[in-house]
Structure formats: structure tokens, C-alpha cells
Amino acid sequence: MKIPYRWLLEYVDLNKDIKEVGDALTLSGSKVEEIIEMGKEIDRVVTAKLIKLEKHPDADKLQICQVDIKEEVIQIVTGANNIKEGDIVPAALHGSSLVGGVKIKKGKLRGVESNGMLCSEAELGIADESSVHGIMILPENTPIGVDIKEILGLDGGVIDFEITSNRADCFSVYGIAREASATFNVPLEPLELDFKGNSDNINNYLCVEVKDELCRRYIAKMVKNVKIKPSPDWMQQKLEEAGVRAINNMVDITNYVMLELGQPLHAFDYRDIADKKIIVRRADENEKLKTLDGNERTLDSSMLVIADDQRAVGVAGVMGGENSEIKEDTKAIVFESANFNGPNTRITSKKLGLRTEASSRFEKDLDPNLPEIAINRVCHLVELLGAGEVVGGVIDIYPEVIKPHNIQVSHKWINDFIGIDADANQMKSMLQSLGMKVEGEDTLNIEVPTFRQDVKINQDVAEEVARLYGYDKIPSVKMSGETVEAVWTEDQKLTKLVKNTMAASGLYEALTYSFVSPKVYDSINTPADSSLRNNVVIRNPLGKDFSVMRTTTLPSMLELLGSNYSRDNKNVGLFEIARVYIPSNEQLPDERDKLVIGIYGNRDFYNLKGIIENLLGELGIEKAEYVRETENPAFHPGRTAKLLIRKQEAGVIGEVHPDVTENYGIDERVYIAEIDLRLVFQAAKMERKYKALPKFPASQRDIAMLISDEVPASEIDSVINRAGKELIEKVELFDVYKGKQIPDGMKSVAYSITYRADRTLKDEEVNKVHEKVVNSIVEKFGAQLR
């Protein structure tokens with residue numbers, strides 16, 4: 001927000017350097033982004049009158065000028081051809097400086113002495129060279145011998161503020177003036193809002209209908225006998241310093257008041273309003289409107305428009321229509337001062353790709369009571385400039401009036417909260433300087449004006465006091481209070497244990513994004529109807545490759561393994577504790593932490609299974625089962641298992657399907673495990689109890705058998721343990737063999753079974769249970785003993 005410094009001084013008498021003002025306002029909460037000191041480089045350039053011109057004797061394109069600078073007449077040689085005797089122009093004297101650090105000294109041009117230089121707008125930094133055609137000619141009534149900075153208003157400057165969105169009241173010259181008044185404790189000049197108006201009534205000429213609650217207030221005023229002409233110099237200069245191009249008096253008045261008060265306004269040519277009726281409504285789907293910038297816009301039903309009985313004449317809060325713009329022959333004008341819903345204005349502006357000075361203000365939810373002040377200011381300026389006749393009466397549709405709200409807070413609480421010692425009167429004075437009404441002594445009863453909707457609770461009031469008191473004046477104190485030892489949660493402790501166990505197993509930790517592309521599910525052969533494709537979709541993604549939240553960690557790990565493989569890393573082992581996001585009926589998705597492990601190279605399925613068993617052992621999980629998995633399309637159907645903990649599926653472990661590894665450019669067997677840490681942590685038993693050494697000897701038996709290749713070892717383990725549960729202490733698979741001596745579809749497996757009891761076992765007891773075990777295996781699987 002650019003604020004011309006001289007315009008600011010019309011409301012607050014600061015009598016301070018622009019930099020000092022900028023620094024003070026920054027400290028009080030209005031951050032200054034940049035200070036532009038206009039005319040800073042210009043020195044010893046004055047207004048001068050050309051009293052005599054003659055041609056240079058030795059150069060056809062040069063002229064010798066006798067120049068009156070009031071104190072004396074000097075001679076300057078120039079090549080300009082747009083000047084004549086009697087013109088008043090800027091003259092840079094000997095020893096002067098111009099924009100860009102240009103230094104001017106007296107010298108000779110083709111043998112004729114020249115004591116300076118006549119200046120163009122470009123050399124004074126107020127116009128581009130492309131738009132300049134010669135020396136700058138000043139008005140006839142310009143006094144001579146006066147510093148050009150004073151004449152052109154270059155002795156001021158512009159302060160560029162970075163205003164936060166919650167301070168809509170500061171998006172104006174008068175709002176910043178209020179802040180400056182409070183910061184420097186000087187009076188704030190009131191606005192001139194008075195106007196006469198005629199005895200007629202606007203209701204005789206116009207009616208307004210508001211059909212949608214997105215318009216919270218709509219005010220219309222009318223001006224007849226309009227005289228379209230250029231704005232006065234003082235208004236044009238202020239607009240240009242603020243970065244707004246001057247157009248004509250009526251349009252400039254609306255822009256002037258918008259910059260001054262922060263309330264956007266619009267002017268309609270009265271003759272272009274069909275049936276003399278303004279309707280505020282939603283746009284029709286695919287309705288067309290050519291806006292003032294000459295572009296045809298396609299609207300939709302979410303957008304609010306200003307219309308007449310036949311068509312839209314403006315996009316509410318964004319830009320007016322070309323079909324009702326002010327023209328040179330306009331004789332009657334309708335001024336609009338309204339308040340529109342901020343979020344809707346922002347959405348409309350974004351959809352149309354049209355961000356304007358008006359939309360940038362409306363989207364911050366302006367004060368609904370500001371339009372009345374703004375329309376009165378417009379009428380005052382119309383009469384001040386003699387630009388037309390203000391019609392009496394006003395149309396003001398304001399169904400839900402917003403009133404000031406009240407806050408009660410103890411001044412002692414504010415002192416304690418901030419850490420200062422200010423008395424109640426000092427606080428009252430600070431808050432009153434911000435436009436608040438304050439009563440009371442110990443307890444301050446504060447009426448907060450409607451333009452300060454950001455002040456809602458006690459802490460907000462304390463913030464206002466703190467920034468005006470001065471953040472730099474608040475004493476520094478040591479921290480006080482009870483310190484508490486930080487402790488890790490149980491999940492954090494277990495997570496750390498998991499990471500340490502993975503690192504001890506020779507794996508490296510990886511980190512990947514939770515955002516993925518929807519296409520990754522194709523890469524892991526996920527069916528079209530799989531629940532994994534039910535993603536949380538990002539509304540404003542960085543790109544298509546990061547547009548959804550992942551539901552599985554497999555693609556992320558495979559991308560890492562593929563990247564390593566492409567860089568010729570032969571043996572790789574990675575792990576990550578990664579989060580997946582499962583859509584739920586709640587507002588937020590179900591977030592689950594997964595342990596994903598990926599290996600290839602000199603490791604295989606049994607290495608991966610060993611890592612998992614080692615982890616489960618560290619977590620005190622004794623009874624985990626591995627069940628063959630043949631339905632997961634991302635894995636090899638004969639080399640994959642589900643991990644069951646407490647009969648619940650806690651993960652999957654196995655060899656990745658060759659089609660999937662091919663998608664990631666890996667020409668080697670890859671093994672991955674994905675474990676649900678929530679279920680694992682729920683089953684973890686971290687208490688360790690001492691177990692005494694056995695008092696009685698064990699008895700060991702071995703079994704070797706031929707059995708179908710389709711029977712998993714885990715099922716054989718289960719049958720053995722069930723059959724001999726009263727005596728079996730340990731079951732260990734120590735050999736699996738397939739070869740020429742073994743029939744097709746069969747395998748040879750050998751188990752070592754350890755029996756023990758709370759007594760010394762006799763061979764007869766062991767043999768009886770062992771026979772039961774053998775018979776159970778034969779009956780269950782059709783095994784043949786070897």
C-alpha cells in the first residue's frame with residue numbers, strides 16, 4: 001500500500017523526516033516495506049523564464065537562451081526545439097545534480113558558454129524517456145527562481161506499507177494517518193464530508209434491489225448536470241504518487257476516495273441503466289460481460305454481479321462493465337458505495353484472473369459502515385470540484401446493521417500480561433487515539449469501532465496497548481515459572497527403538513514426500529476398484545505429481561530403490577517410518593504410521609523376515625504368524641506373506657512382483673515389507689521379567705519328512721505346537737531341501753523339537769508326545785517320514 005507522504009500530512013501534523021516516520025510506524029505495528037524519497041537526487045534545479053532565444057552561430061540544431069532565474073539572467077545552450085520566448089521551464093544550474101546521479105557543470109558548446117541545462121520530465125524522474133518530447137513547459141503562472149521540487153511536489157515521498165490482511169482499516173491514507181496520530185500522539189484531522197445537494201430525490205430516478213446476502217450493504221447517490229473534465233493538478237498528483245493513473249474528474253474522485261478511505265466505489269452512466277433499476281444478484285451460468293479492461297468475461301452462478309433489468313453491468317467488488325462506463329458526454333452519474341462478502345470476492349477475482357485495487361480491498365472484509373462515509377466524501381468532492389449537481393436523498397439498503405462491540409478488561413491485567421507499568425489514563429489515551437471509546441478506571445469498558453473487527457478479546461486490547469507503548473520500551477525479564485522435565489511418549493520411545501533396530505540391521509533411513517501422483521497406483525498393479533485408490537486430494541497441489549496423499553508407502557520406497565539401482569548401487573537396504581492418509585467420514589483423514597523396508601542385492605526374503613523377527617523380539621511380541629499372501633498384485637504370489645499379530649493383519653512381507661520392479665527400472669529381485677506400526681505398538685510388551693534357567697534337562701527329537709511344496713512352514717509349526725503343547729519348549733526348522741532325489745511338487749523339511757517339563761522326562765513320555773506330533777503332521781498334510 002503506497003501512501004504519499006504529503007497526502008498523509010494533510011491529516012496529521014508530524015513535522016518529522018519521512019524516514020523517522022517510517023521507522024516509528026514500523027515499531028508501532030505498521031510495517032514499512034520501502035520509503036521512496038522523491039527528488040532526493042535533484043539539487044539546484046529552479047524554475048526559469050526564457051526571455052530571449054537566438055540560433056547558435058556554429059550549430060543549426062542548437063539555440064542560445066537567455067534565462068531569468070530571478071536572482072540573475074544566465075545563458076544556457078540547448079538543443080530543444082519545443083520552447084519559445086516567455087516559456088517557464090526547469091533549469092539545472094552550475095553544480096546541480098539530476099536523477100541518476102547526473103552532475104551539471106558550466107562549459108562551452110561549440111564555443112558558446114552554457115551555464116546549465118534545461119530539463120525534461122525524464123531528467124527529473126517523473127516520466128519515461130519514451131513519453132517525453134522535449135523540455136518540460138510549466139504553467140504560465142509558475143513563479144520563477146523557485147526550487148523545482150517544491151513546484152512539482154518532489155519534496156515529499158512515498159511510504160510503501162506491508163499491511164496484514166486483518167488490518168483492512170489500514171489499506172487507506174486515512175487509516176495510516178490514524179495510526180500515525182496514535183503513534184506520535186498528535187491530533188487526527190477530521191474528514192470533510194459535508195455537501196449541500198439539491199431539493200430533488202434520487203428515488204424519483206432510480207430504484208435498487210438486492211437479491212443476495214453476499215451484498216451486505218448497497219448505497220447509491222446520483223449526480224446530475226455532470227461536467228466531465230480533467231481533475232485538478234493536486235488530485236492528479238496525489239493519484240500518480242499512489243500509483244493510480246488519472247482519467248477524468250468523476251473517475252478520479254472514486255479512485256481518490258478509495259485510496260483515501262479504503263472503500264472501493266464505482267460510477268455508472270445513468271443513461272445506460274435499463275429501466276432505471278439496479279439489481280444486485282448472482283450471475284447466470286455462462287453469462288457474458290465485457291469489463292472495463294475490454295475483455296469479455298464468462299461468469300458463473302457463484303459470482304455476484306451488478307445488473308439492470310436486461311444484463312449485468314459490473315462484477316461486484318471486482319470491475320465494472322464497459323456497457324455502463326463514464327464517457328465524455330455523460331450528463332448523469334450513479335455512484336455505488338457497497339459492501340460485498342470478502343471470500344466470495346476473492347474467489348470471483350481468482351476465477352476471472354482479474355485482481356484489481358477494488359477486489360484486493362473487498363476480499364479483506366471491509367467495514368459495512370464505511371460505504372456511508374465514502375459516499376458522503378464523494379459528494380463533497382463533486383461539489384468542491386464543481387463537477388456536477390448532487391441529487392438529494394440516498395438509497396441505502398443495509399438489512400443487518402453492524403454495530404460496535406464491547407470489551408471489558410482490567411488495566412492491571414494488561415500491565416501484567418505485557419510486563420509494563422502504565423496507568424489507566426495512559427491506556428485510555430492510547431486506545432482512544434485508535435478510535436475506541438473507553439470508560440472506567442480499574443476496569444476499562446471499551447467500545448471497539450466496526451472498522452476494528454480484529455480486536456475481539458482481551459489479548460487483542462493488550463496488543464494495541466503494547467505496540468503504542470513501544471515494543472522497544474517493554475523491559476526484558478528472565479523467564480519465570482515451573483520447569484518440567486520433558487519426557488518421551490510411549491509411541492516416541494517405541495519409534496526410536498524401531499529406528500535403532502533398523503539401523504542395527506544395516507539399513508539406512510530414508511525420507512519421502514506424503515504427496516504422490518495418482519499414477520503411482522498403476523505402477524504397482526493396483527486394481528481400478530482398489531480402496532488404495534481412494535485418496536485425499538490436494539486442493540492446491542504443487543503439480544500433478546504431488547496432487548494426492550498416499551495410501552500406501554510401496555511406490556515411495558520403490559522410487560528410492562529404482563533411483564539407487566539406476567546409479568549402479570549394487571546392494572541397498574532402506575527403511576522409512578512413513579505416514580499414509582486414509583479417507584474417513586470425519587473432517588480429517590485417518591493418519592497411520594507405517595514401517596516400510598526395501599532391500600535388493602546380497603539380501604533375500606529370509607534376510608527381510610529376519611529383520612522383522614528381530615524387531616518383534618525387541619518389542620516383546622512373541623506370537624506373530626506368517627500366512628501366505630497370493631492376492632496382493634504388487635507382490636510375487638508365491639513369495640509373499642501376511643504378518644498377523646493377535647490375529648490381525650499387521651503388514652505384508654515379500655518379493656515384489658517382477659512386472660512392478662520393471663516399472664521402476666529394476667532388473668533384480670526386490671524385497672519389501674510394509675508394517676502397520678499402530679498394531680505393532682499396541683501389541684508391544686516392553687516389560688522384561690527374569691526367567692530362571694531350567695532345573696531339569698531337555699530331550700530333543702528330530703523329524704525329517706517329505707511334504708507338499710504348497711504347505712508353508714508356519715502351518716507345520718502350528719500343527720507341531722498344538723500336538724505337543726504340554727511338553728514342547730521349542731520348534732526349529734533347520735533344513736529345507738529340493739533336488740533330484742525329491743519328487744516334483746514336494747520338498748524335504750527337517751525340524752528339531754525340544755521337549756522339557758518341570759521334572760526329568762522319561763523316554764516313554766517324550767516318545768508318546770513325539771509320536772502324536774508325527775501322526776498329526778501325517779494326517780494333516782499327508783507327509784512321508786524319511
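Looking at segment 642-665 only, could you name the residues that are in contact with a helix residue (DSSP H, G or I) (Cβ under 9 Å, 6 or more places away or on another chain), open to solvent by 20 Å² or more (accessible area, probe 1.4 Å) and of a type outside the set (Ser, Thr, Tyr)?
Matches in segment 642-665: Arg646, Gln648, Glu649, Asn663, Gly665.
Identify all residues within segment 65-123 that are in a strand (DSSP E or B), closer than 17 Å to Gly39 by Cβ and either of a type in the set (Ser, Thr, Tyr) or in contact with a Pro (Cβ under 6 Å, 6 or more places away or on another chain) (or both); write none if there are none.
Ser96, Ser97, listed by residue number.
Find the residue count for segment 611-641, including only residues that are assigned to a strand (DSSP E or B), touching a strand residue (DSSP E or B) at 6+ places or on another chain (Cβ under 7 Å) and surrounded by 14 or more Cβ atoms within 10 Å (Cβ to Cβ).
So the answer is 9.
Given the condition crowded, with 21+ Cβ neighbours inside 10 Å and either charged (D, E, K, R) or assigned to a strand (DSSP E or B) (or both), answer yes or no: does some residue in segment 341-357 qualify?
no
Consider segment 98-143. How many of its residues are touching a residue at least 24 places away in the same chain (Cβ under 8 Å) and open to solvent by 40 Å² or more (accessible area, probe 1.4 Å)?
Matching residues across segment 98-143 total 16.
Give just the number: which of (1) closer than 15 Å to Val572 by Cβ; (2) buried (at least 17 other Cβ atoms within 10 Å of the Cβ) does Glu668 not satisfy?
Here Glu668 meets the rest and fails (2).
Restricting to segment 727-786, and then to whatever is surrounded by 14 or more Cβ atoms within 10 Å (Cβ to Cβ), in contact (Cβ under 8 Å) with a residue 60 or more places away in the chain and charged (D, E, K, R), can you tell me which residue is nearest to Pro712 (Cα to Cα)?
Step by step, filter segment 727-786, then rank; the result is Lys780.
Which one is farthest from Ala168 (Cα to Cα), of the residues in segment 303-340 that are polar (S, T, N, Q) and at pLDDT 95 or above?
Ser337
So Asn721 fits all but one of (1) without any contact (Cβ under 8 Å) to a residue 12 or more places away in the chain; (2) exposed (fewer than 12 other Cβ atoms within 10 Å of the Cβ); (3) within 17 Å of Lys623 (Cβ to Cβ); what number is the exception?
Failing condition for Asn721: (2).
What about Ser752, is it of a type in the set (S, T, N, Q), closer than 30 Å to Ala650 by Cβ and not in a strand (DSSP E or B)?
no
It is to be established whether one or more residues within segment 545-564 are charged (D, E, K, R), over 19 Å from Glu631 (Cα atoms), in contact (Cβ under 8 Å) with a residue 60 or more places away in the chain and open to solvent by 50 Å² or more (accessible area, probe 1.4 Å).
For segment 545-564, residues charged (D, E, K, R), over 19 Å from Glu631 (Cα atoms), in contact (Cβ under 8 Å) with a residue 60 or more places away in the chain and open to solvent by 50 Å² or more (accessible area, probe 1.4 Å): present.
Could you say which residue among Glu240, Glu189, Glu209 is within 30 Å of Ser429 (Cα to Cα) and open to solvent by 30 Å² or more (accessible area, probe 1.4 Å)?
Every option except Glu189 fails the conditions.
Suppose we filter segment 221-232 for residues that are in contact with a Phe, Trp or Tyr (Cβ under 7 Å, 6 or more places away or on another chain) and either surrounded by fewer than 23 Cβ atoms within 10 Å (Cβ to Cβ) or without any contact (Cβ under 8 Å) to a residue 12 or more places away in the chain (or both); how many remain?
Summing the residues that are in contact with a Phe, Trp or Tyr (Cβ under 7 Å, 6 or more places away or on another chain) and either surrounded by fewer than 23 Cβ atoms within 10 Å (Cβ to Cβ) or without any contact (Cβ under 8 Å) to a residue 12 or more places away in the chain (or both) in segment 221-232 gives 0.
Pairs under 8 Å by beta carbon, first residue more than 22 Å from Asn339 (Cα to Cα) in segment 189-212, partner among the acidic types (Asp, Glu) and in a loop (DSSP other than H, G, I, E, B), six or more apart or different chains?
As it stands, the answer is Glu189/Glu10, since those pairs meet every condition given.
When you scan segment 331-347, do you find a residue that is within 33 Å of the chain's Cα centre (by Cα) and hydroxyl-bearing (Ser, Thr, Tyr), even just one?
yes
The values are calculated or read from the model by the stated rules, or taken from the named source; none is laboratory data. The model shown is predicted, which means the values in this text are computed figures rather than measured ones. Neighbour counts run over all protein chains shown; Cβ positions are idealised from the backbone, glycine included. Heavy atoms of the whole protein, side chains included, go into the accessibility calculation; ligands, DNA and RNA do not. Shrake-Rupley method; radii C 1.70, N 1.55, O 1.52, S 1.80 Å.
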